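Here is the structure we will look at, set down as structure tokens.
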Amino acid sequence: MTNTVVAVDGPAGSGKSSVSKAAAKRLGFAFLDTGAAYRALAWHVLDSNADPEQATEVISSLAGFDYAIGTDPDGYAVHVAGTDVTDSIREPRVSAAVSAVARVPEVRNHLTALFRSIIRDSDKAGIIVEGRDITTVVAPDATARILLTASEEARMSRRSAELVTESASDVAIALQKRDRADSRVVDFMTAADGVVTVDSTHLNFDETVDAVLDVIRTSQET
């Protein structure tokens, strides 16, 4: 059983995935990308010819959702019923469907239980778990709880650099749409009590990783 759980929340483009992964590597911890599960379920819903906008169909799809994800920060794969969907869950059609799937309460309850089991079963000294409601719902008693954020301008710039095949305006529209849709389900822009905010607006990648590591180390000392 893992001894240290680090919960990291943040909006799209805040760098929570890449920063969390880098921090996990530095510490020798496991790493869990919870957003991949919502994406994988959206892929599964679409692959089953179900309508992601219909909650009843999404809920029905949970029964056949055989999900597996690695927790090695040096490289992991996502599988649904034995099919490798690591790349497929990043397709635009999946991105367009994931918010509708994620706002179904039964989905969030089901995946929260799944995340907790993955955390519990980790054999590493610690695990960094990143997503939208990790600090408040999935792991409210985590050793360290962090809200990683940045200005909207900075987040748009970073996301544009990642998605070089898309125009800056398209990236901006997609980011704003995702934030609006997800904010109807969970508040990932405001730190809850006891959650430390790391604002990376004026930090480069390495500085942001160092800031997150400082929070983790401080939490372990108290």
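Just so it is clear, none of the values below were taken in a lab; they were calculated from the coordinates. Since this is a predicted model, take the numbers as computed values, not measurements. Every residue, glycine as well, gets a Cβ built from its backbone with ideal geometry; the counts of neighbours run over all protein chains shown.
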Practice task
With a/c under 1.5 counting as rounded, go ahead and sort the range 4-221 into rounded, prolate or oblate using the C-alpha gyration tensor (a ≥ b ≥ c being the square roots of the eigenvalues; past the cut-off, prolate if a/b is larger than b/c, else oblate).
Solution key: oblate
Completion exercise
Shape call for the range 68-147, from the Cα gyration tensor axes a ≥ b ≥ c (a/c under 1.5 means rounded, otherwise prolate when a/b beats b/c, else oblate), comes out oblate
Exercise for the section: Using 0.36 nm per residue of separation minus the Cα-Cα distance, give me the extension gain between GLU106 and ASP141 in nm, one decimal. Expected result: 10.4 nm
Practice task
Place a label point 7 angstrom from the Cα of THR56 along the Cα-to-Cβ direction, then list the residues of the range 80-107 whose backbone nitrogen is under 18 Å away.
Solution key: 101, 104-107
Practice task
Would you calculate the separation in nanometres between label points at LYS25 and ASN204, each defined as 7 Å from the Cα along the Cα-to-beta-carbon direction?
Solution key: 1.6
